[in-house]
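Read the figures in this text as sums done on the coordinates, not as results from a lab. Quick caveat, the model's predicted, so the values are computed rather than measured. No Cβ is skipped: glycine too gets one built from the backbone with ideal geometry, and neighbour counts run over all protein chains shown.
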């Protein structure tokens, strides 16, 4: 029977949306994170990791099960097939303090080390590591809540603005003007 050779190194990358900038390029791109992690592994003289990629998936959702590769990575850790996970920064892991600490504890219990390029090794089993990680997740969650509050406020102000009514269709667009309206307005 042939034994399967597995790589105990993994890396998790995630971006929350696939929106485009005005020049047509994506605002966020997983490839930037992948390249950064590859260079980090090379500098540390670690093998290239297996990448777990959630492209266009929010880390603020109520249920992290909406991120399929995050769940797949956790299954690999639970099965003791991954012993080191690299992330660019903690908010890539989670933007919710409760879920972030819960999953970090679970990973630590499986003797898997999480290394954030921005924050260093994450060890929630030590008081200092728990505190540093909790603060990072708390700030990420606060940032998400704050941004959502501001966006909703802007949308409500736009709905009340009579100048915001689209001359092509008579609706108020809360995001980008649809192409069909742009064509009519030309």
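Can you give the % of DSSP beta bridges in region 9-159 that are antiparallel, to the nearest 5? Counting only bridges with both partners in region 9-159, antiparallel ones make up about 25 percent. Note on residue 125/residue 155: beta-carbon distance plugged into 1/(1 + (r/R0)^6) with R0 of 35 Å gives a FRET efficiency of 0.25.
Helical content of the chain, expressed as a calculated mean residue ellipticity at 222 nm, amounts to -14500 deg cm²/dmol (DSSP H runs of 4 or more residues, -39,500 (n - 2.57) each, divided by residue number, nearest 500).
Remark: 45, 109 ranked as 45, 109, counting other beta-carbon atoms within 10 Å and listing the fewest first. Each listed q (0.17, 0.18 Å⁻¹) maps to a log10 I(q)/I(0) for the chain, found by the Debye formula over equal Cα scatterers with no solvent: -1.09, -1.19.
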